[in-house]
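Let me begin by presenting the structure, written as structure tokens, before commenting on it.
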Amino acid sequence: MSDIVGLHHVTAISGDAQANHDFYVKVLGQRMVKKTVNFDAPDVYHLYYADGEGTPGTVMTFFPFPNAKRGRVGRGQVVFTHYAVPVGSLDYWAERIAAHGGKAVAKHDAFGAARLIATDPEGLGLVFVEATDDARAPWTGGDVPADYAVRGFEGVTLGVSGEEATGAILTDIFGYERVGEEVSDTEGGATRRIVRFAQRGVEAGIVDLLIDPALPQGIEAAGTVHHVAFRVQDRAAQERIRATVAEHGHKVTPQIDRDYFYAIYFRTPEGILFEVATDEPGFDRDEPVEALGEALKLPTQHEHLRPRLEESLPKLVA
């Protein structure tokens, strides 16, 4: 048994902060639960979107770098972030996304579930999956009806050149099980494989490996994922995972205080940045749940920069 319990959050890179906010709040219907800054680049926001309480497994975050160049989604990255949505809602999402600057690319079935492949306006890959047994309550503070609203993550798809190295991390360290594989032919006649790993009965517990010879090497910039974070309950569980990661020969960071969770990081052999994040202390540590995301919150080491940051950071219109 592993201490990992599905996903905690996914962090991506974007360009314009207001456009990013408008898509994830006004189009996807998520709540902005934290408005803070990048620990390593405090002149850049770190924006968090989630359900009403910032529950791990629902949290999509962004570093919006002004005037950032567009990246390329591919191998060595998270290719798709999967959102769980109610059965019968895919047409709603296809129309809504296409009407607000994104792309509804295709609908198809995979691993027994109907799903919609889409992108946000900057090309970030999203998959909306019809979930038959997801009991999570959606955030309905926007204008997305509850019958269609996003429940949280189903999982992610990782672009890799082969199954073995990343699969070993998922099974031997993170406690996932290899549960299936789907194979198809590409337009060029090559074989395209999707290998599924899962933690059964765990929300946000899916990791798919996309093995496709036509998939280019990813280039990190706007419209790509920076890292994917897996969930543990507390720092003791995190330290056990950290020790196991190191025992398997991966270079892993010490525990780092990220204000709303503690984090460790390491890269897979394919170059994908994995984080393991704690539930504690949570997004309500510095503002009440009813006011999440309303005020600019700064890491302690950057608090002295507040006057300058409040002047220089773009003002976000709700």
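The values are calculated or read from the model by the stated rules, or taken from the named source; none is laboratory data. Keep in mind the model is a prediction, meaning the values are calculated, not measured. Cβ placement follows ideal geometry from the backbone for every residue including glycine, while neighbour counts extend to all protein chains displayed. Keep in mind that these areas ignore ligands, DNA and RNA; they rest on the heavy atoms of the full protein, side chains included. Shrake-Rupley method; radii C 1.70, N 1.55, O 1.52, S 1.80 Å.
Looking at ARG178, ARG192 in this structure, which one is open to solvent by 40 Å² or more (accessible area, probe 1.4 Å), part of a strand (DSSP E or B) and closer than 30 Å to GLY102 by Cβ? Result: ARG192 is the single residue among ARG178, ARG192 that is open to solvent by 40 Å² or more (accessible area, probe 1.4 Å), part of a strand (DSSP E or B) and closer than 30 Å to GLY102 by Cβ. Identify all residues within region 8-32 that are in contact with a Ser or Thr (Cβ under 9 Å, 6 or more places away or on another chain) and assigned to a strand (DSSP E or B); write none if there are none. HIS8, HIS9, VAL10, THR11, ALA12, ILE13, listed by residue number.
Exactly one residue among GLY57, GLY76 is open to solvent by less than 10 Å² (accessible area, probe 1.4 Å), farther than 26 Å from HIS302 by Cβ and touching an Asp or Glu at 6+ places or on another chain (Cβ under 6 Å), and that residue is GLY57. Residues considered: LEU273, LEU313. Of these, the only one that is in contact (Cβ under 8 Å) with a residue 40 or more places away in the chain and over 17 Å from the mean Cα position of the chain (by Cα) is LEU313.
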